Amino acid sequence: MNKIKLGFIGLGYIGKIHAIACFAMPLVFPDLPFEVHLGPVYKRDLLSLPHFFEKGVKSIGELLDAEGLTAVDICTPNYLHFEEAMKVIDRGYDIYLEKPIGLNGDEAFKIKEAAIKKNVINQTALMYRFMPAVAQARDMVKNGEIGQILNFKAMMLHSGYLDPNRPISWKMKKATCGGGAIVDMGIHLIDAVRFMLGEITSLRAQSRTFFKQRPSKQGSNIMEDVDVDDWTNVDVELESGAWGSIEASRISAEMEEETRFEIYGTKGSIMISTKHPDYAILYKKQENRMYSGIYDGEGAFTKYVRTIYPGEKFSMGYMVNMHMASLINFFKNICEGRIVYQETPTFEEAYKDQLILDKIVNV
Ligand SMILES: NC(=O)c1ccc[n+]([C@@H]2O[C@H](COP(=O)([O-])OP(=O)(O)OC[C@H]3O[C@@H](n4cnc5c(N)ncnc54)[C@H](O)[C@@H]3O)[C@@H](O)[C@H]2O)c1
């Protein structure tokens, strides 16, 4: 049994999701070839650290010196990723780094080059690749089920920023986040589109900031400027000639926040929604019939994803489920000492996504 001691840098919203996934992993999948131990944690405020972490530490140096440390998971604001990731890689630890891996393409390039040079197992949390419906849709497209792809829509619609009293945060400043909705959420859509449909060759983007100022903290009358987008729509063209749109919104009042993909081809269409993460819906026009459930043409990666994505009876919601599958993939790669599935969202893939983001943000 491989023992993996995972250190955390940052333990806010997403760090907790990662920790929940690691904690529940052996209960959901008792036959995994590894044991994950929640190791030391470095974050800004250590007072609230739950008991099942090894200990809180006061510096990244102390974390990297911890006995038996195997890998590090970085879950801090984007502007900190570069410096932290370079320290982790320099010490030769395997690394799981939240998206976007850098503030821009230049940082992402240096991080991925360093990881390649040091030969560390690296992965980012572009975990829609591990949503079974997304992996399945990719197979359907590859197998020609809907013919030639003509167009598509990719949408991530959240509503949390509609509250005008929501205070400013690092996610609302270009200097700390690199951009707004498109960087924070749109990167998932960009990655999933590239994953399912191929490379993006040209684009045109429109962004809006609806709330241009926010309270400096909860309940404060002091207002601070927001210099990133609340909403962005990007029209893109793909290498295949297909065109489509990618929309990331923090101000869309949907009752259940949803991520959706609609893919239209000459012979039918494919729908994906986070409301049904296990299966895509395939419509075949000639038969005028819809299909869902296990698909005969599922490829090796999709079959693998079904073995690491929690089933219905153990579901903890699609966010934890996707992150659990993504983390299991990272740990399996650590055990094997190599990237087993080329579909893994390595830093190389994250870098390619970030080049697209750069084009959008800089326009
Ligand atoms: N893949 C996903 O689904 C997903 C979802 C949300 C966030 N994220 C990414 O995760 C990262 C963190 O986002 P979040 O929503 O958890 O943010 P957050 O603000 O909730 O948490 C940030 C964490 O970093 C710590 N931190 C902040 N400044 C620090 C400093 N100077 N030194 C040490 N620790 C510091 C905070 O204490 C906190 O623990 C970002 O890169 C974000 O893009 C990914």
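The values are calculated or read from the model by the stated rules, or taken from the named source; none is laboratory data. Model, not experiment: these values are computed from the prediction. Positions of Cβ are generated from backbone atoms using ideal geometry, with glycine treated the same way; all protein chains shown enter the neighbour counts.
Remarks
- Residue match in the range 323-332 (condition: more than 22 Å from G144 (Cα to Cα) and touching an Asp or Glu at 6+ places or on another chain (Cβ under 7 Å)): no
Residue-wise test of (1) under 24 Å from the mean Cα position of the chain (by Cα); (2) small (G, A, S); (3) loosely packed, with under 14 Cβ neighbours inside 10 Å.
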residue: H37; (1), (2), (3): yes, no, no
residue: V41; (1), (2), (3): yes, no, no
residue: R44; (1), (2), (3): yes, no, yes
residue: S48; (1), (2), (3): no, yes, yes
residue: G56; (1), (2), (3): no, yes, no
residue: G61; (1), (2), (3): no, yes, yes
residue: A66; (1), (2), (3): no, yes, no
residue: I74; (1), (2), (3): yes, no, no
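- Residue in the range 203-226 that is among the hydrophobic types (A, V, I, L, M, F, W, C), buried (at least 22 other Cβ atoms within 10 Å of the Cβ) and either touching a residue at least 60 places away in the same chain (Cβ under 8 Å) or assigned to a loop (DSSP other than H, G, I, E, B) (or both) present: no
- Boolean, D90 is surrounded by 24 or more Cβ atoms within 10 Å (Cβ to Cβ) and in contact with a helix residue (DSSP H, G or I) (Cβ under 9 Å, 6 or more places away or on another chain): no
- In this entry, S326 passes the filter for residues that are in contact (Cβ under 8 Å) with a residue 60 or more places away in the chain and in contact with a helix residue (DSSP H, G or I) (Cβ under 7 Å, 6 or more places away or on another chain).
- Test: D106 is away from the ligand (no atom under 12 Å from the Cβ) and either on the phi < 0 side of the Ramachandran plot or in a loop (DSSP other than H, G, I, E, B) (or both): yes
- Residue count for the range 161-174, restricted to those that are of a type outside the set (D, E, K, R) and either within 11 Å of the ligand (Cβ to nearest atom) or under 21 Å from I356 (Cβ atoms) (or both): 2
- Hits in the range 168-202 - residues which are in a strand (DSSP E or B) and of a type in the set (S, T, N, Q): T201, S202
- Test for Y13: is it free of Cβ contacts under 8 Å to residues at least 12 places away in the same chain and among the hydroxyl-bearing types (S, T, Y): yes
- V72 meets the conditions (1) more than 12 Å from the ligand (Cβ to nearest atom); (2) over 25 Å from N104 (Cβ atoms); (3) not in a helix (DSSP H, G or I) in every case but one. The failed one is (2).
- Residue pairs meeting the criteria (Cβ under 8 Å; at least 6 apart or on separate chains; first touching a residue at least 24 places away in the same chain (Cβ under 8 Å), in the range 299-316; second in a helix (DSSP H, G or I) and loosely packed, with under 15 Cβ neighbours inside 10 Å): G299/K142; F314/L27
- Checked against (1) among the hydrophobic types (A, V, I, L, M, F, W, C); (2) assigned to a loop (DSSP other than H, G, I, E, B); (3) within 10 Å of the ligand (Cβ to nearest atom); (4) closer than 28 Å to E113 by Cα, L46 meets all criteria but (4).
- Of all residues in the range 245-265 being part of a strand (DSSP E or B) and more than 21 Å from the chain's Cα centre (by Cα), the one that is surrounded by the most Cβ atoms within 10 Å (Cβ to Cβ): G265
- When L32 is tested against (1) assigned to a loop (DSSP other than H, G, I, E, B); (2) within 30 Å of E113 (Cα to Cα); (3) more than 13 Å from the ligand (Cβ to nearest atom), exactly one condition is not met: (2).
- Near pairs, Cβ below 6 angstrom, 6+ apart or cross-chain, from the range 31-50 (over 20 Å from L327 (Cβ atoms)) to any residue that is among the aromatic types (F, W, Y) and at pLDDT below 90: none
- Answer from V305, V340 - the residue that is among the aliphatic types (A, V, I, L, M), under 21 Å from R194 (Cβ atoms), touching a Lys or Arg at 6+ places or on another chain (Cβ under 7 Å) and modelled with pLDDT of 95 or more: V340
- Considering Q123, Q136, the condition of being part of a helix (DSSP H, G or I) and crowded, with 24+ Cβ neighbours inside 10 Å is satisfied by Q136 alone.
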